[in-house]
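Just below is one structure, and these are the notes that go with it.
Taken together, the values in this text are just the output of simple stated rules run on the coordinates, not laboratory data. Since this is a predicted model, take the numbers as computed values, not measurements. Cβ sites come from the backbone with ideal geometry, for glycine too, and all protein chains shown count toward neighbours.
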Amino acid sequence: MKAALEITLIGRQGCHLCEEAQNILAGVIARFAAENPLIEYVVDDVDVDSDLELRDKYSDEVPVLLINGQQVAFLRFDADRIYSRLGDFAKN
């Protein structure tokens, strides 16, 4: 059995791009889960300002999307691209 996909959305409170990214990601995950019911995943929503290391690394790029620790999107999210990347990670 494959390990769960670890999906991390890094954002900040009051960020309109972060809210937009949350909505896009929710739609992508709903589609992915419906089309790939046997693939496990976990989603973590992280506030960039809660961790000094994250803030130093990603503050100017939020929202940032990581899959299994690898950055796959930032600022403006493209649903089709994120869906494709989820599929790529699920195959590995």
Over what distance in Å are the Cα centres of segment 1-40 and segment 43-65 separated?
16 Å
Quick check on segment 5-91: of the DSSP beta bridges with both residues there, what percent are antiparallel, nearest 5%?
55 percent
For the residues R12, R31, what sequence is obtained by ranking on other C-beta atoms within 10 Å, fewest first?
R31, R12
